[in-house]
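Written out below as structure tokens is the structure these notes cover.
The values are calculated or read from the model by the stated rules, or taken from the named source; none is laboratory data. Treat the numbers as computed from the prediction; the structure is a model and nothing was measured. Cβ: placed from backbone, ideal geometry, glycine included. Neighbour counts: every protein chain shown.
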């Protein structure tokens, strides 16, 4: 990998692909919002409405990722970071096909500035600014 090419927020692993996600629970919506550098690596930014209690936010994240990629929820599982914002999500299946699907989805975010966190502002407020 060259010094100029950003790392991807996923890597082959297990029986498919491991995806690095930074999750914001108790959000106003369920969504994948982009890609950002966090702790020296690329991560997918995700938001879910569910509260981070008794695995509800993790289950909601699995559903959001499944819908975003167009795969069955049974193929998505949080495998690390169960109680943290930074999580590792296993996407089970053909690693090459999953990587191609992820690359196609992530292409949408290429060239866009990384989202900036403003705890006092919602994304709607930032859009209307």
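Would you check if there is a residue in the stretch 56-67 being assigned to a strand (DSSP E or B) and in contact with a strand residue (DSSP E or B) (Cβ under 7 Å, 6 or more places away or on another chain)?
no
Determine which single condition residue 87 fails, assuming it passes every other condition in (1) surrounded by fewer than 16 Cβ atoms within 10 Å (Cβ to Cβ); (2) at pLDDT 95 or above; (3) within 15 Å of the chain's Cα centre (by Cα).
Only one criterion in (1) surrounded by fewer than 16 Cβ atoms within 10 Å (Cβ to Cβ); (2) at pLDDT 95 or above; (3) within 15 Å of the chain's Cα centre (by Cα) is unmet by residue 87, namely (1).
Can you say whether residue 67 is modelled with pLDDT of 95 or more, closer than 20 Å to residue 30 by Cα and either under 17 Å from the mean Cα position of the chain (by Cα) or buried (at least 17 other Cβ atoms within 10 Å of the Cβ) (or both), as far as the supplied structure shows?
yes
Has the stretch 106-121 got at least one residue that is surrounded by 16 or more Cβ atoms within 10 Å (Cβ to Cβ), modelled with pLDDT under 95, in contact with a strand residue (DSSP E or B) (Cβ under 9 Å, 6 or more places away or on another chain) and not in a loop (DSSP other than H, G, I, E, B)?
Yes, because at least one residue in the stretch 106-121 is surrounded by 16 or more Cβ atoms within 10 Å (Cβ to Cβ), modelled with pLDDT under 95, in contact with a strand residue (DSSP E or B) (Cβ under 9 Å, 6 or more places away or on another chain) and not in a loop (DSSP other than H, G, I, E, B).
Does residue 48 meet the test of being modelled with pLDDT of 95 or more, touching a helix residue (DSSP H, G or I) at 6+ places or on another chain (Cβ under 8 Å) and over 18 Å from residue 107 (Cα atoms)?
In short, yes.
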